[in-house]
Amino acid sequence: MIINNIYILTRNEYLNIINFIQREYNIDISKYSFSITKRRIEEFLRQFDIKNSDTIIELLKNKNIFERLWEYLHVPTTEMFRDASVWKIFQQKLLEKFENNDFIKIWLPEVTTDDELYTTLIALYNSRLQHKTRITVSSELKNEKLTEAVISEDEFQVALRNYQGTKSNNNFHNHFIKKDNQPVLKTEYFSNVVFRKHSFAKDERMNEVFDIVIFRNRMLYFNPQLQNSALTTIYNSLAVKGYLIIGLGETLNNWSLKNKFNQVHKDANIFQKRK
Amino acid sequence: MAQKYIIVGGSAGSFQIILELLEALPKNYPFPIFLVLHRLKNVRTGFVEALSTKTKIKIIEPADKELIEAGNIYIAPANYHTYLEFDNTVSLSTEETINHSRPSIDITFGSAAYSQKEKVVGVLLSGANKDGAEGLHRIHQMGGTTIVQNPNDAKISTMPQAAIDLFEPTKIMTAKEIINYISKLHFIYV
């Protein structure tokens, strides 16, 4: 059905597409949030002339087109220092608890855009803990390009406004250099960052223990079952008394192990793993 | 009782109408009402509280995958898009802004039209951009009821006018008529 020039998939057409992708590429899209995934497939298909669902399957047989779709299905996280109040607590209250540790291990799962990583790096520099922190960034996609830290002027202005809400003492501009007149996050910030390929959908383990897991606004794109198993994987990779930070619109309420966490900052959705 | 989902989209010039609607709703109103209002992304606290002073009905800012239940009022959280799913839960997303808006009224209208079809009553109020028109059109095409505030009655006519330019809605009403219609809807759908 075509409404306002968009091909709207019926449930059967959607099922046919995800079955095809499962067979052809061994990727199970049924584990992702239904309405969001469906709409993004429809939006992606706008650039093509779609007459019926057979033409969609024909298109997706082209590996390049499929890979572009697969990347498009990984939703960005909007802006640096999104929810300034959370980052204020992260910088001023949470990182403070690690000041006497020899080493801090942070995991950012399912990172597909730069915002949360850059925000974390800047917060660590502000807290002077960067030299003893290792950050593991994982994704289903190749994500090494996240070190090309060029930020558009618009993004920079939004980030700057958000940053002011964190009440940090350090000047935001100090974290950047200018390259071809565009702000670029300093290269040395990435010296303790490790990129890894990891998929929750394939139920892969991490075999590592972290002190902090920053998993904000990423499980929104999972269905409830995948949310559950992803949280369990994180639980198993988190040190006792370690911290889990989720998005302000997210909850642990539907998760079978939610009682194994205490919420330490209600307004920031920061949880601590119990003994 | 026939189940209905009432979804109200509003932007600049609609806040006062929302307050009056909340005041007019009876305590045991049987349908869920979903408010998708363009609001400041950084102002999280106080909004639900301000609305709650106007009604005895519980106002909830839903979390991702939260179940929508009859008799509550839901308000789309700031800086997220809100989808309504087949299983009566919501899904939140941080996708790109649409018509410079997040929450996008189009997304909530469009997903509700798809999952709830003729059960949806979509209402589009005053606003300064074109968000909501396409989504309301989808509600119309999926058999739902569509109500647009009369542009002459709206503080800012752009948003309701965009919908009227796109298709013929079920009803075009003044704010007062819309409030009256929604608050008595349970007498029609018994």
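The values are calculated or read from the model by the stated rules, or taken from the named source; none is laboratory data. All values reported here derive from a predicted model rather than from experimental measurement. Cβ placement follows ideal geometry from the backbone for every residue including glycine, while neighbour counts extend to all protein chains displayed. Accessible surface is based on the protein model in full, side chains and every heavy atom, while ligands, DNA and RNA are left aside. Shrake-Rupley method; radii C 1.70, N 1.55, O 1.52, S 1.80 Å.
Summary table
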quantity	calculated
Residue selected from region B:106-165 under the condition closer than 17 Å to B:ILE182 by Cα and polar (S, T, N, Q), by the criterion most open to solvent (accessible area, probe 1.4 Å)	B:ASN150
Region A:229-244: number of residues that are open to solvent by less than 10 Å² (accessible area, probe 1.4 Å), out of contact with any helix residue (DSSP H, G or I) (no Cβ under 7 Å at 6 or more places or on another chain) and assigned to a strand (DSSP E or B)	2
Members of region B:35-44 found to be in a loop (DSSP other than H, G, I, E, B) and either within 8 Å of chain A (Cβ to nearest Cβ) or open to solvent by less than 40 Å² (accessible area, probe 1.4 Å) (or both), listed by number	B:ARG39, B:ASN42, B:ARG44
Residues of region A:95-108 that turn out to be open to solvent by less than 30 Å² (accessible area, probe 1.4 Å) and either under 26 Å from A:GLN157 (Cα atoms) or part of a strand (DSSP E or B) (or both), as a count	5
Answer residue from region B:55-72, given it is within 14 Å of chain A (Cβ to nearest Cβ) and not small (Gly, Ala, Ser) and is nearest to B:ILE7 (Cα to Cα) among those	B:ILE68
Condition check for A:PHE190: more than 14 Å from chain B (Cβ to nearest Cβ), in contact with a Ser or Thr (Cβ under 8 Å, 6 or more places away or on another chain) and modelled with pLDDT under 95	yes
Selected residue (criterion: modelled with the highest pLDDT) from residues of region A:255-275 that are under 19 Å from B:THR94 (Cβ atoms) and within 14 Å of another protein chain (Cβ to nearest Cβ)	A:ASN269
From the options A:PHE66, A:PHE81, residue that is surrounded by 16 or more Cβ atoms within 10 Å (Cβ to Cβ), touching a helix residue (DSSP H, G or I) at 6+ places or on another chain (Cβ under 6 Å) and more than 14 Å from chain B (Cβ to nearest Cβ)	A:PHE66
Segments classed as strands (runs of 3 or more DSSP E), wholly inside region B:81-135, with at least 1 members that are in contact with a strand residue (DSSP E or B) (Cβ under 8 Å, 6 or more places away or on another chain) and within 9 Å of chain A (Cβ to nearest Cβ)	B:81-84, B:90-93
Pairs with Cβ under 7 Å, 6+ apart, first in region B:156-178 and part of a strand (DSSP E or B), second open to solvent by less than 20 Å² (accessible area, probe 1.4 Å)	B:LYS171/B:ILE147; B:ILE172/B:VAL148; B:MET173/B:ILE147; B:MET173/B:GLN149
Residue that is away from chain A (no Cβ under 13 Å) and surrounded by fewer than 14 Cβ atoms within 10 Å (Cβ to Cβ), where the choices are B:ALA24, B:ALA50	B:ALA50
Residues of region A:1-20 classified as within 9 Å of chain B (Cβ to nearest Cβ), open to solvent by 30 Å² or more (accessible area, probe 1.4 Å) and of a type in the set (A, V, I, L, M, F, W, C), total	1
